[in-house]
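Enquirer: Starting off with a structure, shown below.
The values are calculated or read from the model by the stated rules, or taken from the named source; none is laboratory data. The shown structure was predicted, so the numbers you read here are calculated from the model rather than taken from an experiment. Note that each Cβ is placed from the backbone with ideal geometry, even for glycine, and that neighbours are counted across all protein chains shown.
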Amino acid sequence: MTVVMVFLAVIAVIIAWWLAQQRLASKPWLEVGHTHDHRGIEPVPAAKIGLGVFLAVVGALFTLFISAYFMRMASSDWSPMPLPRFLWINTGVLVVSSVTLHWAKVEAERRNDEAARTSLLVALAAGLAFLVGQLFAWRALSSAGYLLSGNPANSFFYMITGMHGLHIVGGLAALGRVTLRTWDAPIDRRTRLAIGLCATYWHFMLAVWVVLFALFSGWANDVVDLCRQLLT
Amino acid sequence: MAVVVILVLLAAGSVLFHLLSPWWWTPIASNWNYIDNTLIITFWITGFVFVAVVLFMAYCVLRFRHRPGNQAAYEPENKRLEGWLAMSTTVGVIAMLAPGLFVWNQFVTVPAEATEVEVVGQQWLWSFRLPGADGKLGTSETRDVAPENSLGLNRNDAATLDDLIIEGGELHLPIGKPVKVLLRSVDVLHDFYVPEFRAKMDMVPGMVTYFWFTPTRTGTFEILCAELCGVGHPQMRGTVVVDTEADYQTWLAQQQTFSQLTASAGGSSTAATADASSAQ
Amino acid sequence: MVDVRSGIGEAVPPAEVEDVELYHPHSWWTRYVFSQDAKIIAIQYSTTAIAIGMVALVLSWLIRLQLGFPGTFELIDAERYYQFITMHGMIMVIYLLTALFLGGFGNYLIPLMVGARDMVFPYANMLSYWIYLLAVLVLAASFFAPGGPTGAGWTLYPPQAILSNTPGGRDWGIILMLSSLIIFIIGFTMGGLNYVVTVLQGRARGMTLMRMPLTVWGIITATVMALLAFPALFVACVMMLFDRLLGTSFFMPAIAEMGEQLEYGGGSPILFQHLFWFFGHPEVYIVALPAFGIVSDLISTHARKNIFGYRMMVWAIVIIGALSFVVWAHHMYVSGMNPYFGFFFATTTLIIAVPTAIKVYNWVLTLWRGDIHLTLPMLFALAFIVTFVNGGLTGLFLGNVVVDVPLSDTMFVVAHFHMVMGVAPILVIFGAIYHWYPKVTGRMLNEALGQLHFWVTFLGAYAIFFPMHYLGLVGVPRRYHELGDASFVTDSVHSLNAFISVAALIVGAAQIVFLFNLVWSLRHGREAGGNPWRATTLEWQTPETPPPHGNWGKELPVVYRWAYDYSVPGAPEDFIPQNQPAPGRMSHEAAS
């Protein structure tokens, strides 16, 4: 459970940092008057905060999977699974998707609707390609005899990549909706915000994937070992 | 007023119930009277706090209940009072925690001279294994469980062959000698629980758990299962008998070793199938 | 207070908080059924939770009938008994308490108390309820599925949860249970995001964090905890579904079930317990913190006195919330995990006792020199303190690792957690319903029926659970379908069991009085007016009662003071609403 404790510690630091600015030591009964609201005039859009909180939840979910992975790994029956080479290609595709989405966001902010539309489409296509690639990876693995219930390492691989894939599917649905919206009408403030949110989500899912990739390929172990050595 | 009376009665009734009720722990039969003492300390501290809080509430309701013309005081906080209360709570907590951790340290430190006894749980039966002449328990594996080897013992381990096996019978223990109880399960979670010994521990398939104690009183005690293990959970009973040393030796001499059991269970045919199954 | 600037003279900006665009319902369906109004959603959540809670109540009757009079009711065989306790536990913890406090009270009170028109994501809020309803239906469906609901105990410990000697283990029961939990968590996340972001972004002008009522503090802290803790249950459920349906061995070691070797191997049952309790312990506080918050407001309002030590109360809530993530393994002292963990977890657990005790002191010190109106909400609040202190103190037995050893898995544990997270929070729920029903419906609940309900419930529940601790002390294990014969099971143990069962039946019956009161008062209750308790918080200052969609009419409220200005010296009345400027006092402050 160390991994999730570290994750929660990070969340706790963020919450503490935010609370520290909220004058929790003030004595509210002495402060009658309306002027003590230190919130800015231009508030952050609620959707942005909402996405941030949601990503914290998703982060907790994946760190818990990873914690379980490490704890189960301690059993003697664990035998790591070789990863198919084209997971590298999938990773590249997801990077492309993430980068183009970021580009879409930038173009939308520059009011280049046409360019934004195109890059949204590319990002969407790349996202779909990633999913298809993941399915291929599954097929390649199972035809090579690495079945879901064969070994806990396999089970974790299928389960966690499946969970990641489901999150990508959800992201694609949202992205598809936004793309459709840009097709119907010029890109307004709301749509710009939506593109930005999609981009943030996408970067996050990319980061999750990179961590998972490192986990399955065994590098994460080396990192963990290194941390352990540093601590002791 | 009814509220005040009832709150006072409730506090007094709880204390009286505690003092007068016939429901109290079973007479202890192990060295863990330390646990009982810690429990008593906890009862005193928590009981005092409970009565104090409830009586204080009753007094407040009596004294400050609404009557026409009353006005409440305006007192947002009182740092000194709050600090004082927090401090005394901390002291109370330490007074409970310190002996608790002290005894826990004893609980997890098994004395070197403790003899090992294995208890195996399966739905819904207790079995026991004692080390044989070599003083060692052989290895075991759930995978090796078969009709004629219900404890899944390793036949290829020399230390196993002279182990004494008691399937579904009584476990006897000598008085005054520390025992390290090794706990194992071949199917689901169980928990070896003898109320008179105070100690208990879950049995988890796939691993060996343990605890230790020293029997301090001869007698026959009932073993219960304290971790839900399926529909037969309440029926999973066994017996442990604490004997004097002489009685214990007599009993020990009557027990069968693993090799005697397998031999009597039916010769070479079953042994062959068992080898086949363990070879898989 | 140099930085205090006076509000008079300055033009008060009407609403610098961005006014939300409300969804305007077009038909009866979108107004009352697929409503996006948090208040309607709150009522939907509460009704559903209470409905499924009634099922749990009936189950508790059946459980008590069996325990009090074993062998009398042939209907309740071992299989059914285990199904009943499992469903009773899970329904009460998740589908009633969590849903009611967060989905019900959270939805109703957060927007009103912070001065918002609605939740920030009304559509997701609506979806949250419908997904919750689906989860409840899936759960209820398991009663009718072949093999019946799961009988694994609410902790669902593997391996037995998915084996054939457990009811529902190889049938539909466990699958439906796990699916229902997964659905519930998805739905809750949607709602939870709303509660958090509404408190972060939706607060009215002037509503700083330290002016929020403790109810909001309790609910919001619990929501943040739930958002971070529920994923652990989600992960555990997904992994167990894999084990059950796809033959993986995450939690399943090699098993010889009744002598027959199963396909599993190598898995770790303890891993499940870690995941389960990583969720399960915060869950206790997810239920407790909203209750703490609400009861603070009930006591303050009905004692006409500011809550004592408001700042300490806020800090305590936050600290308890944070600490509750590092105590989970105190549920696993005898699970076979590394025994040295016991030192750490016993220490953290007992540390939590300090902020919790401070909360208790501050509640009773709020009564001190108050002007205590013994209204129904106040009675329930007093009863809460009694039961919570009792249950909290027995927690010190179980948290102190070595004392837990003889008591764990006995009726002592059952008595402890029922007292502390069953009876105590439910008494708060009742108090809160008596308190806010006038705002929700515009009418008061009937006082006489309420008194009857209160006394039977409070004294009855105490009579059930206080003696039950002593059964555990004797050594009676929990989750025993029947006690059978054992040397320590004397006749008096059986009579105590019978007594507890009779008390449980009576307390259960008293809830029918409550339900009748809820329905009857809808039409026949006394007209309440907008602020019957003369309370300060914003929800009582709405222009209309019950508040319509959008809550505030034309202009959002502006907040000038904290939530506890009761009996302020020199004020004409014994309460000053949060949205009322007080020129005289303020200029004095500003001058200093």
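Enquirer: Can you tell me how many residues in the stretch C:352-388 are outside any helix (DSSP H, G or I) and more than 7 Å from every other protein chain (Cβ to nearest Cβ)?
Expert: Residues of the stretch C:352-388 outside any helix (DSSP H, G or I): C:368-375.
Next, from what is left, pick out any that are more than 7 Å from every other protein chain (Cβ to nearest Cβ): C:375.
Counting residues in the stretch C:352-388 that are outside any helix (DSSP H, G or I) and more than 7 Å from every other protein chain (Cβ to nearest Cβ) gives 1.
Enquirer: Quick one: count up the residues across the stretch C:309-345 that are under 21 Å from residue B:81 (Cβ atoms), of a type in the set (A, V, I, L, M, F, W, C) and within 13 Å of chain B (Cβ to nearest Cβ). Working first, answer last.
Expert: Step one: of the stretch C:309-345, the residues under 21 Å from residue B:81 (Cβ atoms) are C:309-317, C:319-320.
Restricting the remaining residues to those that are of a type in the set (A, V, I, L, M, F, W, C) gives C:312-317, C:319-320.
Restricting the remaining residues to those that are within 13 Å of chain B (Cβ to nearest Cβ) gives C:312-316, C:319.
Within the stretch C:309-345, residues that are under 21 Å from residue B:81 (Cβ atoms), of a type in the set (A, V, I, L, M, F, W, C) and within 13 Å of chain B (Cβ to nearest Cβ) number 6.
Enquirer: So which residues in the stretch C:164-178 are under 20 Å from residue C:137 (Cα atoms) and free of Cβ contacts under 8 Å to residues at least 40 places away in the same chain?
Expert: Of the residues in the stretch C:164-178, the ones under 20 Å from residue C:137 (Cα atoms) are C:167-169, C:171-178.
C:169, C:171, C:172, C:176, listed by residue number.
Enquirer: Right, next: Count, please, the residues in the stretch C:452-488 that happen to be surrounded by fewer than 20 Cβ atoms within 10 Å (Cβ to Cβ) and either more than 10 Å from every other protein chain (Cβ to nearest Cβ) or of a type in the set (Phe, Trp, Tyr) (or both).
Expert: 4
Enquirer: Taking residue C:221 as the residue in question, decide whether it is at pLDDT 95 or above and away from chain B (no Cβ under 14 Å). Can you show your working first?
Expert: Numbers: at pLDDT 95 or above: yes; away from chain B (no Cβ under 14 Å): yes.
For residue C:221, the condition - at pLDDT 95 or above and away from chain B (no Cβ under 14 Å) - is met.
Let's see how each residue does on (1) surrounded by fewer than 17 Cβ atoms within 10 Å (Cβ to Cβ); (2) touching a strand residue (DSSP E or B) at 6+ places or on another chain (Cβ under 9 Å); (3) assigned to a helix (DSSP H, G or I):
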site: B:22; (1), (2), (3): yes, no, no
site: B:28; (1), (2), (3): no, no, no
site: B:47; (1), (2), (3): yes, no, yes
site: B:67; (1), (2), (3): yes, no, no
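Enquirer: A follow-up question, please. Does any residue of the stretch A:45-53 turn out to be modelled with pLDDT of 95 or more and of a type in the set (A, V, I, L, M, F, W, C)?
Expert: Scanning the stretch A:45-53, I find at least one residue that is modelled with pLDDT of 95 or more and of a type in the set (A, V, I, L, M, F, W, C), so the answer is yes.
Enquirer: Mind checking which residues of the stretch B:78-104 are of a type in the set (A, V, I, L, M, F, W, C) and within 7 Å of another protein chain (Cβ to nearest Cβ)?
Expert: Just the residues of the stretch B:78-104 that are of a type in the set (A, V, I, L, M, F, W, C), to begin with: B:81, B:84-87, B:91, B:93-98, B:101-104.
The answer is B:85, B:86, B:93, B:96, B:97, B:101, B:103, B:104.
Enquirer: Yes or no: residue C:127 assigned to a helix (DSSP H, G or I), surrounded by fewer than 20 Cβ atoms within 10 Å (Cβ to Cβ) and free of Cβ contacts under 8 Å to residues at least 24 places away in the same chain?
Expert: Working: assigned to a helix (DSSP H, G or I): yes; surrounded by fewer than 20 Cβ atoms within 10 Å (Cβ to Cβ): yes; free of Cβ contacts under 8 Å to residues at least 24 places away in the same chain: no.
Taking the combined requirement at face value, the residue does not satisfy it.
Enquirer: Now a separate question. Which members of the stretch B:229-249 meet the condition of being buried (at least 16 other Cβ atoms within 10 Å of the Cβ) and either at pLDDT 95 or above or touching a strand residue (DSSP E or B) at 6+ places or on another chain (Cβ under 7 Å) (or both)?
Expert: If we filter the stretch B:229-249 for residues that are buried (at least 16 other Cβ atoms within 10 Å of the Cβ), which is where we start, we get B:229-231, B:233-234, B:236, B:238, B:240-243, B:248.
Answer for the stretch B:229-249, where residues must be buried (at least 16 other Cβ atoms within 10 Å of the Cβ) and either at pLDDT 95 or above or touching a strand residue (DSSP E or B) at 6+ places or on another chain (Cβ under 7 Å) (or both): B:229, B:233, B:236, B:238, B:240, B:241, B:242, B:243, B:248.
Enquirer: Applying the selection to the stretch B:192-208, what residues are assigned to a strand (DSSP E or B) and free of Cβ contacts under 8 Å to residues at least 60 places away in the same chain? First the steps, then the outcome.
Expert: Step one: filter the stretch B:192-208 for residues assigned to a strand (DSSP E or B), giving B:192-193, B:200-203.
The answer is B:193, B:200, B:201, B:202.
Enquirer: Residues to consider are C:223, C:198, C:189; find the one that is under 18 Å from residue C:314 (Cβ atoms) and among the polar types (S, T, N, Q).
Expert: Numbers: C:198 fails: under 18 Å from residue C:314 (Cβ atoms); C:189 fails: under 18 Å from residue C:314 (Cβ atoms).
Residue meeting the stated conditions: C:223.
Enquirer: Has the stretch B:160-176 got any residue that is more than 7 Å from chain C (Cβ to nearest Cβ), part of a loop (DSSP other than H, G, I, E, B) and under 29 Å from residue C:82 (Cβ atoms)? Give the steps one after another, and end with the answer.
Expert: Restricting attention to the stretch B:160-176, the residues satisfying the condition of being more than 7 Å from chain C (Cβ to nearest Cβ) are B:160-176.
If we keep only those that are part of a loop (DSSP other than H, G, I, E, B) too, we end up with B:162-163, B:168-169, B:175-176.
Those still in the list that are under 29 Å from residue C:82 (Cβ atoms) too: B:168-169.
Yes.
Enquirer: Please work out if residue A:180 is among the hydrophobic types (A, V, I, L, M, F, W, C), more than 14 Å from chain C (Cβ to nearest Cβ) and closer than 22 Å to residue C:250 by Cα. Give the steps one after another, and end with the answer.
Expert: Numbers: among the hydrophobic types (A, V, I, L, M, F, W, C): yes; more than 14 Å from chain C (Cβ to nearest Cβ): yes; closer than 22 Å to residue C:250 by Cα: no.
No: the conditions fail for residue A:180.
Enquirer: Sort through C:512, C:506, C:500 and tell me the only one that's within 14 Å of chain B (Cβ to nearest Cβ), part of a helix (DSSP H, G or I) and within 27 Å of the chain's Cα centre (by Cα). I'd like the intermediate steps shown before the answer.
Expert: Working: C:512 fails: within 14 Å of chain B (Cβ to nearest Cβ); C:506 fails: within 14 Å of chain B (Cβ to nearest Cβ).
Answer to the check: C:500.
Enquirer: What number of residues in the stretch B:124-159 are away from every other protein chain (no Cβ under 14 Å), of a type outside the set (Lys, Arg) and within 19 Å of residue B:204 (Cα to Cα)? It would help to see each step written out before you state the result.
Expert: The first filter runs over the stretch B:124-159 and keeps only residues away from every other protein chain (no Cβ under 14 Å), leaving B:126, B:128-138, B:155-159.
After this cut, where a residue has to be of a type outside the set (Lys, Arg) as well, the list is B:126, B:128, B:130-135, B:137-138, B:156-159.
Next, only the ones that are within 19 Å of residue B:204 (Cα to Cα) stay: B:126, B:128, B:137-138.
Count: 4.
Enquirer: Restricting to the stretch B:105-117, and then to whatever is touching a residue at least 60 places away in the same chain (Cβ under 8 Å) and at the interface with chain C (Cβ under 9 Å from one of its Cβ atoms), can you tell me which residue is surrounded by the most Cβ atoms within 10 Å (Cβ to Cβ)?
Expert: Step one: of the stretch B:105-117, the residues touching a residue at least 60 places away in the same chain (Cβ under 8 Å) are B:106-107, B:110-111, B:113-117.
Then drop every residue that is not at the interface with chain C (Cβ under 9 Å from one of its Cβ atoms), which leaves B:106-107.
Numbers: B:106: 15, B:107: 21.
Per the criteria, the residue is B:107.
Enquirer: For the stretch C:63-89, which positions are touching a residue at least 40 places away in the same chain (Cβ under 8 Å), hydrophobic (A, V, I, L, M, F, W, C) and away from every other protein chain (no Cβ under 14 Å)?
Expert: Correct list: C:65, C:69, C:87.
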